[in-house]
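Quick notes on the structure that follows.
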Amino acid sequence: MSFQRQSINSILRKIEYSWQLSGASSSFIEVMHRALPFFGEQGQSEQNPLKWSALPGFCCQAAGGDPRWVDGFAAAWLLYYVAAHIMDKVEDQDILESPWQEWGSRVSINIASGLYFSASLLLTDLYSQNESLAIANEINGDLYRAFLRMCAGQQRDLTQPEPSLSDYWDNANDKSGVFFSMACRLGARFATSDNLKLQCYEEYGRNIGILIQILDDLEDFQGSGEGFGKVTMQVIQRSLPVIYALEVLPDQECILLKKELEQAYNQQAAAAAFKRIEKSGASYYIITEMERLRSQARSSLERAQPEQPADMELFDLLGDLTYQF
Amino acid sequence: MSLAQVVYRMSTDADFAELWRHNPEDALEKKGLKLTREELAFLSNGLIRGGFGSNNSVGLSELALKARNWM
C-alpha cells in the first residue's frame with residue numbers, strides 16, 4: 001500500500017472513530033458518510049482530491065516530524081474541505097448529481113453543518129495529545145482566522161458585479177489559496193517552529209490551492225465548445241476564462257460577449273461566446289498562469305528543504321496537478 | 001502592459017506573434033510592450049505547453065476536459 005494511501009486510510013479511520021463517539025444518530029452519521037464518497041472510493045485516490053488530505057501529514061514529515069501526529073488535524077481539514085464544497089455547490093445552485101439531487105439544498109446545508117461541527121470536534125482532540133497540546137491554541141486560531149478570510153473572499157466573489165482580473169486572483173487566493181496554505185503550514189507546524197520553513201510550506205500550499213481553483217473554473221466549461229455545461233451563467237461569468245476575456249477585449253467586443261453570455265441558454269449564443277473567449281487567447285493565458293503557480297510552488301518547496309520520503313510525495317502532488325496541462 | 005494584455009496581443013496580432021517567434025524580447029520592444037524577465041519566461045513556457053501557432057494548440061475545450069478528468 002502506498003504511503004499516500006496509508007495516510008488517507010488513517011485519516012478516514014480517525015473520522016469514523018470520532019463519529020462513533022459523537023453521540024450523533026447512526027442515520028445522520030450514515031448520511032455524512034455518504035457525503036464523503038464524492039472524494040473517491042477506496043483505490044481511486046490517485047485521481048481525486050481525497051489525496052489532498054495527505055498534505056498536512058506530508059508537510060509534517062517533510063519538516064522532520066511523524067505524519068501520524070497530524071492525523072486528527074488532517075481529518076478535520078478534510079471535513080472542512082467537504083463541507084465547504086457542499087456549501088459552494090448550494091451557493092452556485094449546482095446540486096445536480098447524486099446524492100445531492102436527492103437531498104436538495106436544505107438537507108445539503110444541514111449535512112455541511114454536521115461536517116463543520118465534526119471537524120471542530122476533531123480539533124478539540126489537539127488539547128489531549130502530547131505532541132499538539134502546546135500548539136493547539138495556535139492551530140485553532142490560525143485556522144479560524146483563515147476561515148474568516150475565506151468567507152470574506154467568497155462574499156466578494158458572490159457579490160462583485162463585474163470582478164476584474166486582479167479581483168479574480170485576490171478571490172482565488174482568499175477562497176482556495178488560504179485553505180491549502182493552512183493545510184501545509186499547520187501540518188509542518190507540528191514538527192517545527194522555524195518561521196522561514198513554515199512560510200515556505202504556506203506558499204507551496206497557497207499556489208496549489210489557487211491551481212485547484214483554476215481547475216474548478218475550467219471544469220465548468222463544456223468540452224464540446226457548444227455551451228457552458230450544467231452550471232448557471234452567474235458561475236460562468238465569474239470564471240477565469242470569462243474574466244480574462246472581459247479584461248483584454250476592446251469595449252465593443254466586451255459588449256458583444258456580455259450579450260452572448262446573457263443569451264447563452266441559446267446554443268448559438270453560447271457557441272459564439274465560447275469562440276470569442278477562445279480567440280482572445282484565454283487558454284494560453286491560463287496555461288501561462290498555471291506555469292507561474294507551478295514554478296512558485298516548486299521554488300517554495302525547494303527553499304523549505306523538505307526531508308525524505310515526504311519531499312518526493314510533495315513534488316509528485318505538484319507534478320500530478322500541473323504537468324498534464 | 002500586463003501579462004494578460006500581452007497574451008491577447010499575441011493571439012490577435014499575427015505580426016507580433018511572428019516577431020515573438022524569432023526573438024521575444026525584441027518583439028516586446030518593437031511593440032512598446034514590457035514584461036518582467038520572470039513573466040517572459042512563464043509566457044514562453046506557457047506558449048510551448050499550449051502549442052501556440054502549431055497544429056496541436058491546446059484550446060479551452062481540451063483544458064476543460066483535462067480539468068474534469070483530473071477533478
Of A:Val242, A:Val107, A:Val82, the one that fluctuates the most in a GNM where chain A has Cα springs shorter than 10 Å: A:Val107
Centre separation in Å (Cα based) which lies between the stretch A:268-325 and the stretch B:24-40: 22 Å
Other-chain or far-sequence residues with amide H under 5 Å of A:Ala63's (modelled H): A:Glu307
Net charge of neighbours whose Cβ lies under 14 Å from the Cβ of B:Arg37, counting Lys and Arg as +1 and Asp and Glu as -1: -2
Phi to ³J(HN,Hα) by Karplus 6.51 cos²θ - 1.76 cosθ + 1.60 over the stretch A:276-288, Hz, x for Gly, Pro: 5, 5, 4, 5, 6, x, 4, 5, 5, 4, 5, 4, 5
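Is the shape of the stretch A:93-173 rounded, prolate or oblate, going by the alpha carbon gyration tensor and its root eigenvalues a ≥ b ≥ c, with a/c under 1.5 for rounded and a/b larger than b/c for prolate?
Oblate shape, in that a/c is at least 1.5 and b/c is the bigger or equal ratio.
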Relative contact order of the stretch A:3-320, defined on C-alpha pairs under 8 angstrom at six or more residues apart (%): 20 percent
GNM result for chain A, Cα springs below 10 Å: residue of A:Gly281, A:Gly177, A:Gly153 fluctuating most strongly: A:Gly281
Theoretical FRET efficiency, 1/(1+(r/R0)^6), r = Cβ-Cβ of A:Glu307 and A:Leu148, R0 41 Å, to 0.05: 0.80
Chain B: relative contact order as a whole-number percent, Cα under 8 Å and 6+ apart: 22 percent
Amide N of the stretch A:301-318 lying under 12 Å from the label point, which is placed 7 angstrom from the Cα of A:Arg68 along Cα→Cβ: none
Debye log10 I(q)/I(0) for chain B, one point scatterer per Cα, at q = 0.28 Å⁻¹: -1.38
Mean projected area (nm²) of the alpha-carbon convex hull when chain A is viewed from all directions: 16.5 nm²
A:Asn130 paired with A:Asp194, simple spin-label distance in nm, labels 7 Å along Cα-to-beta-carbon: 2.4 nm
Contour excess over end-to-end distance, with Cα ends at A:Asn137 and A:Ser166 and 0.36 nm allotted per residue: 7.0 nm
Segment B:Arg68-B:Ile48, length gained on full extension (0.36 nm per residue, minus Cα span): 4.9 nm
Mean-position separation - Cα centroids, the stretch A:53-82 and the stretch A:150-224, in angstrom: 18 Å
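Please go through the stretch A:73-129 and write out the GluC sites (Glu not before Pro) that DSSP classes as loop and that have at most 13 other C-beta atoms within 10 Å.
Details: sites: A:Glu91, A:Glu97, A:Glu102; in loops: A:Glu97.
Sparse-neighbourhood loop GluC sites (Glu not before Pro): A:Glu97.
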P(r) weight above 17 Å for the stretch A:167-218, C-alpha pairs, percent: 33 percent
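Among residues other than A:Gln296 whose Cβ falls under 13 Å from its Cβ, what is the net charge (Lys/Arg +1, Asp/Glu -1)? Walk me through the numbers before you get to the answer.
Numbers: positive: A:Arg206, A:Arg292, A:Arg294, A:Arg298, A:Arg303; negative: A:Glu202, A:Glu203, A:Glu289, A:Glu291, A:Glu302, B:Glu38, B:Glu39.
In short, -2.
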The protein assembly as shown - charge dipole about Cα centre, Lys and Arg +1 at Cβ, Asp and Glu -1, debye rounded to 20: 120 debye
Farthest toward positive dipole pole in the protein assembly as shown [+1 Lys/Arg, -1 Asp/Glu at C-beta], among B:Ala4, A:Ile135, A:Thr192: A:Ile135
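All of the numbers you see were taken from the coordinates with simple rules; none came from a lab. Predicted model only: the values in this text are computed from it and were never measured. Heads up, the Cβs are rebuilt from the backbone with ideal geometry, glycines too, and the neighbour counts pull from every protein chain shown.
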